[in-house]
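Engineer: Quick one: the structure is below, and I'll ask about it shortly.
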Amino acid sequence: MPLKTLAKFEVPYLQILNEHGKVDGRLMPKLSDKDVLYLYETMVYGRLLDKTCLSLQREGRMYTYPSSEGQEAAQAGSAFALKPEDWMFPYFREICSHIVRGLPPEKYLLYWMGDERGQQIPENINNFMICVPVATQLPHAVGMAYALKYQKKKSAVLVYLGDGATSKGDFHEAMNLAGVWNLPVVFLCNNNQYAISTTLDKQTASKTLAQKAIAYGLSGIQVDGNDAFAVYKATLDAVNSARSGGGPTFIEAFTYRLGDHTTADDASKYRSAKEVEEWRKKDPITRLQKYLEEKKLWTQAYQKKLEEGIQKKINDIVKAAEGIEPQPVESIFNFTYSEMDWNLKEQLNSIK
Amino acid sequence: MATLTLVQAINLALRLEMKRDKKVIVLGEDVGVDGGVFRVTEGLLKLYGPERVIDTPLAETGIIGSAIGMAVGGIKPVAEAQFDGFSIPMIDQLYSHAARIRNRSRGRFTCPLVLRIPCGGGIRALEHHSESPETFFCHIPGLKVVVPSTPYDAKGLLSAAIRDSDPVIYLEPKKLYRAIKEEVPENDFTVPIGKAIVRREGTDVTLIAWGAMVQECLKAAEGAKASCEVIDLRSLKPLDIETITASVQKTGRVIVVHEAPKTCGFGAELSALIQEKSFLSLKAPVTRVTGLDIIIPLPKLEHYYFPSADKIAKAIENTINY
Ligand SMILES: Cc1ncc(C[n+]2csc(CCOP(=O)(O)OP(=O)(O)O)c2C)c(N)n1
């Protein structure tokens, strides 16, 4: 008997806004000028706040910090597709997503300044905490999606991961669970092509990460991760589908980490300056600016005013983060359990 | 003789062991091109090539699980967990397999692998980067657990671990990586697994520690009125009970110091053993100065968590005045 083909698969790719700032009008999602300006301003804000974190770290006012530079479109574009009642599960490189979701920015700074209150998410914001052990957040998002579905809530979960995370068992188990249980969860993979020094070809023998979705029965798509419109559209379609029972989606946002992995890393040890320069030309913010300029929504005067406003805001944020009253020593005990046992009380007394 | 940091001494041991035995290979995240996030494996890729120095995908279970297969298959993997906090999923493979392959196969198979783990805190690191998981490993029959606290021992113990015929967990105190330098012979030597060392002799109190806490004990001993003996265990499993017992029977007072949380920490094991072996010599209860039974605080408040020379000094006084 000749071989039969049982199934055939395709891996779609979406780009709407190219690096020259030109859009493919047929693919363009519905976004008002105000929306586009919001996306742009958030990305500029995110980049400047990120820069501030880097200089705070250099000055010893912050600890190890992972820069988001270059990945702003993937972050802002995806978070913008969520409704407040949806949930967002970050990993650790999503400055713009946190901004879009309304996390008070001084909280973001506080976390990297080594203060637990940075992870205390305000009650009205459906964000989970930053997650450092790679890929371990993925099954949690799946469980949250199950809880939403079980409670008949019409909302979805967006969970972020990096390319490195796709190598961990947690990733495969989470994807499989999401597929089997047909859950309203969207995996947004920031494929910045590096996991610290590990390049994509050492991470996987797959041609794309998007195709990993297929094996688990999920929809998978690769988008230009430096194109805020493509990321937004793919995420919007995915969360809409998730909310209406269409199941999970895996989105690979193909992008590039322009900075070091963290402030503890020196990327020049494993990649060339030339490669980084090539990717600077594809900067997600520059191309959106070109687009806005073409639409007469951007001028140098506007940019100057925007940056001045942001800088002022950032100064206040840094002041708020650094000016916060210290936590009392009890705070390192109080949240271990709902109540302290004799042992914790004894230990607390011993160091007070 | 070269004057080396702990990092350089480990690196030298790896270079020499790989030169000495072609079966030795290194695997882990960022260990090749990058030379390791702490530069411990720097230069190995250039010397020995990508077949022996493997930049793995980000997959802790895969790293340790494949190392088990490699060890059974006749080569000698030295695997790296990038940080203490990420060694936790490896416990599944270690507990269920590495530790019991010799026993399950009645000796037909063995699993001589080494797992290197940068450990411990007090260095203002990110979440999950300041853990002291030694007890998890010590609790597993079939694993050996060693912790160097000096560059000399780091080299000698790693060579011994690599040449051992059983799985060895090799814990590297991050805080000491670049904190102390000492002369380390460049030639072949080992520090035997299972042998503690008396770092300072004394007659009133025995301080027992390993890893970064040895330095804190030495500091406390230096400033104490009482005469303190400081034992650096170096091997937690197997444990050098003779050195401990000899010291306890001399001083009659013991303080155990470790960074891990107090409850079920290795100090509890030592305390139990000491009263079993030397009950009649004790002049005061065995005291523990340890990490707290809480989640290690983020950098701003982490200093509350860790044992320090001050906390040890207080314990010395209390023990003497018991
Ligand atoms: C389980 C685990 N192993 C190792 C690390 C150390 N580490 C932190 S980030 C990172 C690389 C992550 O790469 P990727 O998932 O691609 O995300 P990116 O940092 O590139 O955004 C590694 C190895 C970790 N945090 N968690």
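The values are calculated or read from the model by the stated rules, or taken from the named source; none is laboratory data. Predicted, not measured: the structure shown is a model, and the values here were computed from it. Cβ coordinates were reconstructed from backbone atoms using ideal geometry, including for glycine residues, and neighbour counts include every protein chain displayed. Areas reflect the complete protein model, heavy atoms only, side chains present, ligands, DNA and RNA absent. Shrake-Rupley method; radii C 1.70, N 1.55, O 1.52, S 1.80 Å.
Engineer: Cross-link candidates for A:Lys154: which lysines have Cα within less than 19 Å, leaving aside residues fewer than 8 places away along the same chain?
Structural biologist: Correct list for A:Lys154: A:Lys83.
Engineer: Could you give the C-alpha radius of gyration of region A:1-145 expressed as a fraction of 2.2 N^0.38 Å, taking N as the number of residues it contains?
Structural biologist: 1.29
Engineer: For region A:13-350, taking Cα atoms only, what is the radius of gyration to one decimal and the Dmax to the nearest whole Å?
Structural biologist: 20.2, 68
Engineer: Post the alpha-carbon centroid distance, region B:64-78 to region B:250-315, in whole angstrom.
Structural biologist: Using only Cα atoms, the two centres lie 36 Å from each other.
Engineer: To the nearest µm²/s, what D does Stokes-Einstein give for region B:79-162 at 4 °C and 1.567 mPa s, using the Kirkwood radius over alpha carbon pairs as Rh? List each step's numbers first, then the result.
Structural biologist: Working: Rh = 14.0 Å.
Once the numbers are plugged in, D ends up at 93 µm²/s.
Engineer: Separate question: Taking the Cβ of A:Leu236 as the center, what net charge do the other residues with Cβ under 12 Å away carry, scoring Lys and Arg +1 and Asp and Glu -1?
Structural biologist: Around A:Leu236, the surrounding residues sum to +1.
Engineer: Hey, any idea what the orientation-averaged projected area of the convex hull of region A:212-352's Cα atoms comes to, in nm²?
Structural biologist: Working: hull surface 66.7 nm².
Over every viewing direction, the Cα hull of region A:212-352 projects on average to 16.7 nm².
Engineer: Give me the percent relative contact order of region B:137-280, please, defined on Cα pairs under 8 angstrom at least 6 residues apart. Write out the running numbers ahead of the final one.
Structural biologist: On the way: 257 pairs, mean separation 35.8, N = 144.
Relative contact order comes out at 25 percent.
Engineer: Per DSSP H run of n ≥ 4, the term is -39500 (n - 2.57); total these for chain A, divide by its residue number, and report the mean residue ellipticity at 222 nm rounded to 500 deg cm²/dmol.
Structural biologist: Numbers: 14 runs with 155 residues, N = 352.
Estimated from H runs of four or more residues: -13500 deg cm²/dmol.
Engineer: Take the alpha carbon atoms of region A:144-293, find their radius of gyration, then divide it by 2.2 N^0.38 Å using N residues; give the quotient.
Structural biologist: Numbers: Rg = 16.7 Å, N = 150, 2.2 N^0.38 = 14.8 Å.
Rounded to two decimals, the normalised Rg is 1.13.
Engineer: Under 10 Å, Cα contacts only: if you run a Gaussian network model on chain A, which one of A:Thr52, A:Thr235, A:Thr249 comes out with the highest mean-square fluctuation?
Structural biologist: A:Thr52
Engineer: Using heavy-atom solvent-accessible surface (probe 1.4 Å) with all chains present, what is the largest-first order of A:Asp265, A:Asp33? Please list the in-between numbers first.
Structural biologist: Numbers: A:Asp265 20, A:Asp33 70 Å².
The most accessible residue leads, giving A:Asp33, A:Asp265.
Engineer: I would also like to ask the following. Within the protein assembly as shown, what percent of beta bridges assigned by DSSP are antiparallel, to the nearest 5? If you can, show how the numbers build up before the last one.
Structural biologist: On the way: 11 of 67 bridges.
Of those bridges, close to 15 percent are antiparallel.
Engineer: Taking every eigenvalue of the Cα gyration tensor of the protein assembly as shown, multiplying by 5 and rooting it, what semi-axes result, largest first, whole Å?
Structural biologist: Over the Cα atoms of the protein assembly as shown, the semi-axes work out to 48, 29, 23 Å.
Engineer: Okay, moving on. Beyond 26 Å, how much of the Cα-Cα pair distribution for region B:1-149 remains, as a whole percent? Intermediate results must be reported in sequence, preceding the final value.
Structural biologist: Numbers: 2613 of 11026 pairs.
So the pairs more than 26 Å apart make up 24 percent of the total in region B:1-149.
Engineer: In Å and from the alpha-carbon atoms only, list the Rg and Dmax of chain B.
Structural biologist: Taking only Cα atoms of chain B, I get Rg and Dmax of 19.3, 60 Å.
Engineer: For region B:2-184, what is the number of Lys pairs with C-alpha distance below 21 angstrom, counting only pairs 8 or more positions apart or on separate chains?
Structural biologist: Close lysine pairs found across region B:2-184: 19.
Engineer: May I ask for the net charge around A:Pro12, where only other residues with Cβ less than 13 Å from the Cβ of A:Pro12 are counted and Lys, Arg are +1 while Asp, Glu are -1?
Structural biologist: On the way: positive: A:Lys233; negative: A:Glu10, A:Asp224, A:Asp237, A:Glu252.
Residues close to A:Pro12 contribute a combined charge of -3.
Engineer: OK, next. Accessible area, 1.4 Å probe, largest first: how do A:Lys207, A:Lys202 sort?
Structural biologist: Values: A:Lys207 190, A:Lys202 75 Å².
Most to least solvent-accessible, the answer reads A:Lys207, A:Lys202.
Engineer: Could you compute Rg(Cα) / (2.2 N^0.38 Å) for region A:66-173, with N its residue count?
Structural biologist: Here the answer is 1.04, to two decimals.
Engineer: Moving on to the next point. Mean-square fluctuation check for chain A, GNM, Cα pairs under 10 Å: which of A:Ser272, A:Ser67, A:Ser241 is largest?
Structural biologist: Between A:Ser272, A:Ser67, A:Ser241, it is A:Ser272 that shows the largest mean-square fluctuation.
Engineer: Further question on the same structure: A:Lys34: which aspartates and glutamates have alpha carbons under 17 Å from its alpha carbon, excluding same-chain residues fewer than 8 sequence positions away?
Structural biologist: A:Glu293, A:Glu294
Engineer: So, one more: Give, in whole angstrom and from largest to smallest, the semi-axes √(5λ) of the equivalent ellipsoid of region B:197-320, with λ running over the eigenvalues of the Cα gyration tensor.
Structural biologist: Values: eigenvalues 99, 51, 33 Å².
Result for region B:197-320: semi-axes of 22, 16, 13 Å.
Engineer: A:Leu56: net charge of surrounding residues, Cβ under 11 Å, Lys/Arg +1, Asp/Glu -1, itself excluded? Intermediate values should be presented prior to the final figure.
Structural biologist: Numbers: positive: A:Lys51, A:Arg58, A:Arg61; negative: A:Asp50, A:Glu59, A:Glu322.
Residues near A:Leu56 contribute 0 overall.
Engineer: Taking the Cα atoms of region B:17-76 alone, what are Rg (to one decimal) and Dmax (as a whole number) in Å?
Structural biologist: Rg then Dmax for region B:17-76, in Å: 11.1, 29.
Engineer: Considering chain A as a Gaussian network with a 10 Å cut-off on Cα pairs, which listed residue, A:Gln327, A:Gln222, A:Gln203, attains the greatest mean-square fluctuation?
Structural biologist: Ranking A:Gln327, A:Gln222, A:Gln203 by mean-square fluctuation puts A:Gln327 first.
Engineer: Averaging sequence separations of C-alpha pairs under 8 Å and six or more residues apart, then dividing by the length of chain A, give the relative contact order as a whole percent.
Structural biologist: Numbers: 592 pairs, mean separation 79.8, N = 352.
It comes to 23 percent, rounded to a whole number.
Engineer: So what is the relative contact order for region B:197-320, in percent, with contacts set as C-alpha pairs under 8 Å and at least six apart? Working shown, then result.
Structural biologist: Numbers: 233 pairs, mean separation 36.0, N = 124.
Here the relative contact order equals 29 percent.
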